[in-house]
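Read the structure below first, then the notes.
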Amino acid sequence: MWLHTSCELKFNITCPTPFVLMLRPRSGAQQWVASEEYLLYPSVPAFEFTDDFGNLCQRLVAMPGDFTISTSANIETADVIDQAPGGGFVDVQNLPDTVLKYLLPSRYCESDRFGDMATEITANQLLGYDQVAAIERWLYNNVSFEPGSSPLPLSAIEVNQQKIGVCRDFAHLGIALCRSLSIPARMVVGYLYGLQPMELHAWFEAYVADRWYTFDATQPVKNGGSVAIGYGRDAADVAIYNQFGPPVFPIEQNVTVSIINP
């Protein structure tokens, strides 16, 4: 499936404001970035680096006045989401070094608090993929997905208490439940074709059967058409922008995802 993605953020800046952005998807096993465009208006110097999670990030200082960040890309991505029922649990001692950090509690994923709950949800499941699939089903059936319900990220504990949230909140609780079972899990932020309402999306991946698999409890069926922009332990690692100084929020944000012919 070939997709055209775009994201435009418009700000009104009151004083020189440093930004760290995460808006460039990178090619990998599940997607190929054929072309992209990245525009800043008015133009300011920008410097790119790769963070500790392999994400492409950009640093800049926006000057006072109107400031617009506009990105777009043509990307080939999978038509379907890979599944592996019965896929095995990977013993911690056999995990790749780069995966180990996704076993630990993090700011929004207090996995050390969910052991009993995760064990109950996954009772009688084969260790590995089937446990994560059971967690995904539990989330879909027990937490209400309501876009706009939580403007600030909720921790896994808060999501479990409220039983309501947006996509990133679902991911936080799913990640915490997986990690409590010694299954590495990470958060992904990006685009999803057909998402309603259309906006940037978040889901989680779990490491079972010697690779990462996608899980998204906000969607009723496992369709393809996802484009990853960033990976991290939780929402603190995958913000599409961080700004420093007096708070600045977009006065306008536009996201589109459409099918194209290559």
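Annotations
- Just one of the listed residues (Phe53, Phe89, Phe47) is more than 18 Å from the chain's Cα centre (by Cα), surrounded by 18 or more Cβ atoms within 10 Å (Cβ to Cβ) and among the hydrophobic types (A, V, I, L, M, F, W, C), and it is Phe89.
- Entry remark, region 96-106: residues being surrounded by 14 or more Cβ atoms within 10 Å (Cβ to Cβ) and either hydroxyl-bearing (Ser, Thr, Tyr) or not assigned by TED's automatic domain parsing to the domain that holds Pro153 (or both) number 2 in total.
- Within region 125-132, at least one residue is in a helix (DSSP H, G or I), touching a helix residue (DSSP H, G or I) at 6+ places or on another chain (Cβ under 7 Å) and under 22 Å from Gly224 (Cα atoms).
- When the test is whether a residue is touching a His at 6+ places or on another chain (Cβ under 8 Å), assigned to a loop (DSSP other than H, G, I, E, B) and either of a type in the set (S, T, N, Q) or more than 28 Å from Leu100 (Cβ to Cβ) (or both), Leu195 passes it.
- Selection of first residues in region 145-156 that are closer than 11 Å to Cys167 by Cβ and of second residues that are assigned to a loop (DSSP other than H, G, I, E, B) and small (Gly, Ala, Ser), restricted to Cβ pairs under 9 Å at least 6 apart or on distinct chains, gives the following pairs, ordered by first then second residue: Phe145/Ala217.
- In region 208-224, the residues that are over 30 Å from Asp97 (Cβ atoms) form Cβ pairs under 7 Å with partners that are aromatic (Phe, Trp, Tyr), at six or more places apart or across chains, as follows: Thr218/Phe145; Thr218/Phe170.
Quick grid of which residues meet (1) within 25 Å of Thr5 (Cα to Cα); (2) in contact with a helix residue (DSSP H, G or I) (Cβ under 8 Å, 6 or more places away or on another chain):
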position: Glu146; (1), (2): yes, no
position: Asn160; (1), (2): no, yes
position: Ala176; (1), (2): no, yes
position: Ala202; (1), (2): yes, yes
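- With respect to the conditions (1) in a loop (DSSP other than H, G, I, E, B); (2) under 10 Å from the mean Cα position of the chain (by Cα), Glu205 falls short on a single one, namely (1).
- Taken over region 67-95, the criterion of being outside any loop (DSSP other than H, G, I, E, B), in contact (Cβ under 8 Å) with a residue 60 or more places away in the chain and either of a type in the set (Gly, Ala, Ser) or out of contact with any helix residue (DSSP H, G or I) (no Cβ under 9 Å at 6 or more places or on another chain) (or both) is satisfied by Thr68, Ile69, Ser70, Thr71, Ser72, Ala73, Asn74, Ile75, Glu76, Thr77, Val80, Gly88.
Yes/no matrix, rows are residues, columns are (1) of a type in the set (A, V, I, L, M); (2) under 20 Å from Thr214 (Cα atoms):
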{"residue": "Arg107", "(1), (2)": "no, no"}
{"residue": "Glu120", "(1), (2)": "no, no"}
{"residue": "Gln125", "(1), (2)": "no, yes"}
{"residue": "Ser149", "(1), (2)": "no, no"}
{"residue": "Asn160", "(1), (2)": "no, no"}
{"residue": "Val166", "(1), (2)": "yes, yes"}
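The values are calculated or read from the model by the stated rules, or taken from the named source; none is laboratory data. Not measured: the values here are computed from a predicted model. FYI the Cβ positions are ideal-geometry reconstructions off the backbone, even for glycines, and counts take in every protein chain you see.
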